[in-house]
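Chemist: Supplied in structure tokens, the structure appears directly below.
The values are calculated or read from the model by the stated rules, or taken from the named source; none is laboratory data. It should be emphasised that the depicted structure is a prediction, and the values quoted were computed from it without experimental measurement. Here the Cβ positions follow ideal geometry from the backbone for every residue, glycine too, while neighbour counts run over all protein chains shown.
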Amino acid sequence: MKSLMSSARDFFLPFLLIFTINCYPQGIEERMQWFADAKFGIFIHWGIYSLGNTSESWAFYNKQVSHADYMAQINHFSAERFNPTQWAKLIKQSGAKYAVITAKHHDGVALWDTKLSNLTIARQSPASSDVLSPFIKALREQGIKVGIYYSLIDWSHPDYPVFTCDSNRYNIPDDTLRWQRFLKFSHGQIEELMQLYNPDLIWFDGDWEHSANEWQAEKIRTLIHQHNPNTIINGRLQGYGDYDTPEQNFPVTRPNLKYWELCMTMNSSWGYRINDTIYKTPFEIVSILTDAISMGGNLLLDITPKADGSIPEEQGKTLNIMGSWADKHHEAIYGTLPGLPMGHFYGATTLSKDSTSLFLFLPAKTYGQIMLKGINSPIKIATVMGTNHGLHHKVVGKISWSPVPGLIFINVPMALSDSLMTVIKVDFDEPIKLYRGKGGLN
Ligand code: GLC
């Protein structure tokens, strides 16, 4: 009897496991783990605005051009140089672990061939094909996690209340049936995206125009998780997302959040602009990336392909430079924990998951003696990453009767400096212990 039961259990166990995995959302920590480990993602704004003459969607909303002129740009969206595999390879080469692409921006134009509207690249532009599916496929082939940006706002839809900054089609309380019609369409598109692409991440935008109640945000979250309980949802769903997304803003003190992601442009525009040629340098972007991960965040860095599908040369170059740097220092970036609290080191830091290795990102082009404060664990060895070169260190000012640890000075020779940013790995025999006091002062 016993053996019959255990063989029945052995037989059913795999099915039970599959059932459990598919039907119950995992705990937030398990669901977010790949995201927390990834640190770096690429954002892609691509749409009819990518001809380079107007901003994405906002151009007609803010009446810089008429809606008709803005929409006419679709007649020139050729995608003739679009090479999805090349895009995905460049993203992989950059060191990014996930990508988020604008499936639909506030202008309502869908990059995929949605069955719910005619406003698609496939049906109205000279590209005349679904440009989203091949890219998602290419990302999967490169092992990059798939993120889909979807604008809740749809300023072109006849049933959407807002049209431009000073004109509304209607007010929701005056025509709730019309709003319900819009929600059916919008929820339908979200469902379609889930069915077609089963994304790892859904990145909503534009939630500010309506309340959670009006969007039916809880229902949106449920419908996503019915398809895939592991899909992560960004924070722009009126309180129903998984993590916060500060935009172009840099926290100065560490946010009290477990997960957050800074999204940032490479120049000053989200979509391609011919005249926007002032770019952040690779050093500046690496400084921002390391600052974000030091404080427990991710960086989602935007690229702006052109309407013909080519990626501006400057952007490709920067991604390649960042990628080589990230590859050399991968251990200090991916799968790490946020670094030391402020005060121990004047620069960004991260810790290995077991906290026995501390990574120091040297600011500017620092070399010579760098200082660590309040470290209560003896150093096993310090090395310059990518060189395996052991570094001399010295403990200064340790007083035998005091609980305050001495200062540690590590000597970094100039000759071992990285051309972009030098990273020092400091190993300890035990998980690092910190002294957080004020040196006996009040
Ligand atoms: C904003 C803008 C939008 C851009 C996005 C990226 O919310 O409306 O144009 O796509 O931020 O985070």
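Chemist: Are any of the residues in region 132-143 assigned by TED's automatic domain parsing to the domain that holds I74, in a loop (DSSP other than H, G, I, E, B) and among the charged types (D, E, K, R)?
Modeler: no
Chemist: Let me ask something else about it. Assuming G95 fulfils every condition listed in (1) more than 30 Å from Y243 (Cβ to Cβ); (2) assigned to a loop (DSSP other than H, G, I, E, B); (3) more than 16 Å from the ligand (Cβ to nearest atom) apart from one, which condition is it?
Modeler: All conditions pass for G95, except number (1).
Chemist: Sticking with this structure for a sec: Please specify each residue of region 213-244 satisfying the condition of being touching a Phe, Trp or Tyr at 6+ places or on another chain (Cβ under 7 Å), among the polar types (S, T, N, Q) and in a loop (DSSP other than H, G, I, E, B).
Modeler: Hit for region 213-244 is Q238, nothing else.
Chemist: Is there any pair linking a residue in region 370-385 that is modelled with pLDDT of 95 or more to one that is part of a loop (DSSP other than H, G, I, E, B) and of a type in the set (K, R), with Cβ under 9 Å and at least six apart or on different chains, and which?
Modeler: Pairs found: G374/R436; I375/K433; N376/K433; S377/K433.
Chemist: Quick check on Y259: is it in contact with a Phe, Trp or Tyr (Cβ under 8 Å, 6 or more places away or on another chain), in the same structural domain as V100 (by TED's automatic domain parsing), farther than 25 Å from S78 by Cβ and away from the ligand (no atom under 14 Å from the Cβ)?
Modeler: yes
Chemist: Looking only at region 134-173, which residues are small (G, A, S) and touching a Pro at 6+ places or on another chain (Cβ under 9 Å)?
Modeler: A138, G147
Condition check ((1) under 30 Å from D327 (Cβ atoms); (2) touching a residue at least 60 places away in the same chain (Cβ under 8 Å)) across all residues:
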| residue | (1), (2) |
| --- | --- |
| H393 | yes, no |
| G397 | no, no |
| L420 | yes, yes |
| I424 | yes, yes |
| I432 | yes, yes |
| Y435 | no, yes |
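Chemist: Condition (residue is part of a helix (DSSP H, G or I) and more than 16 Å from the ligand (Cβ to nearest atom)) applied to region 104-112: is it met by at least one residue?
Modeler: No, region 104-112 contains no residue that is part of a helix (DSSP H, G or I) and more than 16 Å from the ligand (Cβ to nearest atom).
Chemist: State all residues of region 38-72 that are more than 12 Å from the ligand (Cβ to nearest atom), touching a residue at least 24 places away in the same chain (Cβ under 8 Å) and of a type in the set (D, E, K, R); if no residue qualifies, say none.
Modeler: K39, K63
Chemist: Kindly check whether there is at least one residue in region 60-79 that is in contact with a His (Cβ under 7 Å, 6 or more places away or on another chain) and either in a loop (DSSP other than H, G, I, E, B) or not assigned by TED's automatic domain parsing to the domain that holds I121 (or both).
Modeler: No, every residue in region 60-79 fails to be in contact with a His (Cβ under 7 Å, 6 or more places away or on another chain) and either in a loop (DSSP other than H, G, I, E, B) or not assigned by TED's automatic domain parsing to the domain that holds I121 (or both).
Chemist: Looking only at region 135-178, how many residues end up being under 29 Å from S94 (Cβ atoms), crowded, with 18+ Cβ neighbours inside 10 Å and away from the ligand (no atom under 16 Å from the Cβ)?
Modeler: Summing the residues that are under 29 Å from S94 (Cβ atoms), crowded, with 18+ Cβ neighbours inside 10 Å and away from the ligand (no atom under 16 Å from the Cβ) in region 135-178 gives 7.
Chemist: What number of residues within region 245-269 are assigned to a loop (DSSP other than H, G, I, E, B), within 25 Å of K145 (Cβ to Cβ) and of a type in the set (A, V, I, L, M, F, W, C)?
Modeler: Qualifying residue count for the region: 3.
Chemist: May I ask you to say which residue of G323, G316, G309, G335 is over 16 Å from W87 (Cα atoms) and not β-branched (V, I, T)?
Modeler: Sole residue among the options that is over 16 Å from W87 (Cα atoms) and not β-branched (V, I, T): G335.
Chemist: Would region 284-305 turn up any residue that is assigned by TED's automatic domain parsing to the domain that holds W58, free of Cβ contacts under 8 Å to residues at least 24 places away in the same chain, more than 26 Å from D107 (Cα to Cα) and out of contact with any helix residue (DSSP H, G or I) (no Cβ under 7 Å at 6 or more places or on another chain)?
Modeler: Yes, region 284-305 has at least one match.
Listed here are the residues, each with its yes/no results for (1) of a type in the set (A, V, I, L, M, F, W, C); (2) within 16 Å of the ligand (Cβ to nearest atom).
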residue	(1), (2)
P229	no, no
N234	no, yes
Q238	no, yes
D244	no, yes
N275	no, no
M295	yes, no
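Chemist: Being closer than 17 Å to T349 by Cα and more than 31 Å from the chain's Cα centre (by Cα) is the filter here; which residues of region 412-427 pass it?
Modeler: V412
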